[in-house]
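One structure is given below, encoded as structure tokens.
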Amino acid sequence: MRISIIGTGYVGLVTGVCLAKLGNEVTLVDVDKKKIEAINQKRPSIYEEGLVELLNVTDIETSLDFKKSFGSELIFICIGTPSGDDGSLLLDQLETAVKQISQVVRRKEEYCVVCVKSTVPPGTTRELVIPLLEKSGKEAGKHFGVCMSPEFLREGKAIYDLMNPARIIIGEYDKRSGDTLANLYKDFSAPIMRTNLGTAEMIKLASNTFLATKISFINEIGNICKQLNIDVYEVAKGMGFDDRIGSKFLNAGVGFGGSCLPKDLRGLIARSKQIGYEPKLLQEVLNRNDEQALKSVELLKKHFNLKNATVGILGLAFKPETDDIRESRAIIIVEALLHEGAKVKAYDPLAAENFRSLFPQIEYVTKEEVLNSDAVLILTEWEEFNRLDYSGKIVIDGRRVPKAKGARIYEGVCW
Ligand SMILES: NC(=O)c1ccc[n+]([C@@H]2O[C@H](COP(=O)([O-])OP(=O)(O)OC[C@H]3O[C@@H](n4cnc5c(N)ncnc54)[C@H](O)[C@@H]3O)[C@@H](O)[C@H]2O)c1
């Protein structure tokens, strides 16, 4: 199939290389010249395991010009939808891209399907995307098709997830649109659920807010357990045997970050408020998450005065196997430490450079040098942190790294 992908961030680029590997003719379009050049040089600006290898074995066309999508049967929209000031998902970049696609649709003789893959508030595809596309003078369901198929990939496992999805959700404007997308995925073994556009949009937001809720829930249980001298990890293990609960996303710690969970949670809260509903549970999931991160700083203060002390941070990425620091818990924790007058030195195997652009004033050192601090704070569960020698150190662990228990003083954020 001839496919264009508009937006070559995590979702667009990984979708593009995977679909190309499966034999499709893929064109990647982005407005960011640096990103396109980096892709052409097979040195993408993001890190994902196996990405460079796939870029080297696939033949992908790239362009800064959306008109390159003219020959496509399927156009995926993979534009970022960041949080606005009120928490709502900002749609201005997506709107610009859809207006550009509308110009392509205007000139196209053949039928093509436009598929939104970006995470958007329920109602966006029907109320914003379709009207903008129809400004082309063409009619949805007649001259072109429309789908909304949310992406569920995990950063760090993006290629695996793209090739082995747990489910494929196809929100379709009409049957013909859905058939086109279903045909693309016909050789995948994952269950395919076909539904309407708004339901597909909601499935994505509900999935992410559920995962966020699970994390804030286990952190709450952890905070109670810590006071009662009960190990929350043992509790979670016992809970996880029940398949109604499941064992995943029950790792208590400093909370969730990343480009999706916090923003999608805020996005659904904002959308609910717009329709006059106060989503108190979701709001509390968000509050608990921010308070949880700062608990690590409170614990440090219990052990010594932070003013002029040196705190060593292990882990800056929002999770292991990625260089992504978007909404990483390390950001609010480092801010709080600096505010308390502490000196900070930090190590991360992939994310240090990204972090440096936000915090040039802290020191970036080796992991061994981090250990040489007044206290160590573990904020990302990188495998390599489980091979360090923590003896003689004060460690506050935000991610439950087993080896860290060997520290002179060891305390988990909620264990
Ligand atoms: N990152 C994830 O793990 C993930 C997972 C699932 C879903 N999502 C969702 O997918 C969407 C994309 O996420 P991402 O992380 O890939 O975003 P990103 O910010 O990494 O990438 C978006 C890209 O779109 C480009 N862009 C902006 N305007 C454009 C235009 N008019 N024409 C062409 N390109 C344009 C940007 O330059 C950027 O490269 C978001 O809605 C996100 O919530 C992300």
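Between LYS138 and ASN386, the simple label model (points 7 Å from Cα in the Cβ direction) yields a spacing of 5.1 nm. Karplus-derived 3J(HN,Hα) values for region 18-29, using 6.51 cos²θ - 1.76 cosθ + 1.60 with θ = phi - 60°, are 5, 5, 5, 4, 7, x, 8, 8, 10, 10, 9, 10 Hz; glycine and proline are entered as x.
Helix-only mean residue ellipticity at 222 nm, the chain, DSSP H runs n ≥ 4 weighted -39,500 (n - 2.57), per residue, nearest 500. What is it? Please list the in-between numbers first.
Values: 14 runs with 166 residues, N = 415.
-12500 deg cm²/dmol, from helical runs alone.
Taken over the C-alpha atoms, region 1-131 has Rg and Dmax values of 14.6, 43 angstrom. The alpha carbons of region 303-415 stretch over 33, 32, 25 Å along the principal axes, in descending order. Placing a label point 7 Å from the Cα of ARG2 along the Cα-to-Cβ direction, the residues of region 109-127 whose backbone N falls under 13 Å from that point are 109-113.
The H on the amide N of VAL395, modeled in the peptide plane, is under 5 Å from the matching H of VAL376, ILE409, TYR410, GLU411, each at least 5 residues off or on a different chain.
Between GLU284 and GLU109, how high is the FRET efficiency from 1/(1 + (r/R0)^6) when r is the Cβ-Cβ distance and R₀ = 41 Å? Nearest 0.05. Rounded to the nearest 0.05, the efficiency is 0.20. With each label modelled as a point 7 angstrom along the Cα→C-beta vector, the ALA190-GLU335 pair spans 3.3 nm. For the chain, a simple Cβ point-charge model (Lys and Arg +1, Asp and Glu -1, everything else neutral) yields a dipole of about 340 debye relative to the Cα centre. Each residue of region 170-182 was assigned a 3J(HN,Hα) from its phi angle through the Karplus expression (A = 6.51, B = -1.76, C = 1.60, θ = phi - 60°), giving 10, x, 10, 5, 8, 5, 4, 4, x, 4, 4, 6, 4 Hz with x at Gly and Pro. Across the options ILE394, VAL57, ALA200, the greatest Cα extent toward the positive end of the charge dipole of the chain (unit charges at beta carbon of Lys, Arg, Asp, Glu) belongs to ALA200. Multiplying the residue separation of LYS33 and LYS99 by 0.36 nm and subtracting their alpha-carbon distance yields 21.8 nm. Charges were assigned to the Cβ only: +1 to each Lys and Arg, -1 to each Asp and Glu. The resulting dipole of region 1-89 about its Cα centre is roughly 260 debye. Cysteines of the chain lacking any other cysteine Cβ under 4.7 Å from their own Cβ: CYS18, CYS78, CYS112, CYS225, CYS260, CYS414.
Let me know the charge dipole size of region 230-276 about its Cα centre in debye, to the nearest 20, where only the beta-carbon of Lys, Arg (+1) and Asp, Glu (-1) is charged. Walk me through the numbers on the way to the answer.
Working: 7 positive and 5 negative charges, 82 e Å.
With Lys and Arg at +1 and Asp and Glu at -1, about 400 debye.
Take the Cα atoms of region 173-332, build their convex hull, and give its volume per residue in Å³. The partial results should precede the final answer.
Details: hull volume 27.7 nm³, N = 160.
Once divided by residue count, the hull of region 173-332 is 173 Å³.
Of the beta bridges in the chain, as assigned by DSSP with both residues counted there, near 5 percent are antiparallel.
Relative to 2.2 N^0.38 Å, what does the C-alpha radius of gyration of region 9-75 come to as a ratio? Two decimals please. Provide the component values of the computation, followed by the final result.
Values: Rg = 11.1 Å, N = 67, 2.2 N^0.38 = 10.9 Å.
After normalising by residue count via 2.2 N^0.38 Å, the value is 1.02.
Listed by chain and number, the aspartates and glutamates whose alpha-carbon sits under 20 Å from that of LYS403, ignoring those within fewer than 8 places in the same chain, are ASP231, GLU234, GLU321, ASP348, GLU368, GLU369, ASP374, GLU381, GLU383, GLU384, ASP389, GLU411.
Distance between the 7 Å Cα→Cβ label points at TYR160 and SER247: 1.5 nm.
With the alpha-carbon atoms as the only input, what is the per residue convex hull volume for the chain in Å³? Intermediate results must be reported in sequence, preceding the final value.
Values: hull volume 60.1 nm³, N = 415.
Cα-based convex hull of the chain, divided per residue, equals 145 Å³.
Accessible surface ranking for ARG244, ARG400, ARG2, ARG408, 1.4 angstrom probe, highest first: ARG244, ARG408, ARG2, ARG400.
Just the number, please: carbon plus sulfur as a percent of the accessible area of the chain, 1.4 Å probe, no ligands or DNA/RNA counted. Numbers along the way, then the final one.
On the way: 9450 of 18760 Å².
Percent of accessible area from carbon and sulfur atoms in the chain: 50.
The values are calculated or read from the model by the stated rules, or taken from the named source; none is laboratory data. Not measured: the values here are computed from a predicted model. All Cβ positions, glycine included, derive from the backbone under ideal geometry; neighbour counts span all protein chains shown. For the accessible areas, the whole protein counts, side chains as well, though only heavy atoms, and no ligand, DNA or RNA atoms are used. Shrake-Rupley method; radii C 1.70, N 1.55, O 1.52, S 1.80 Å.
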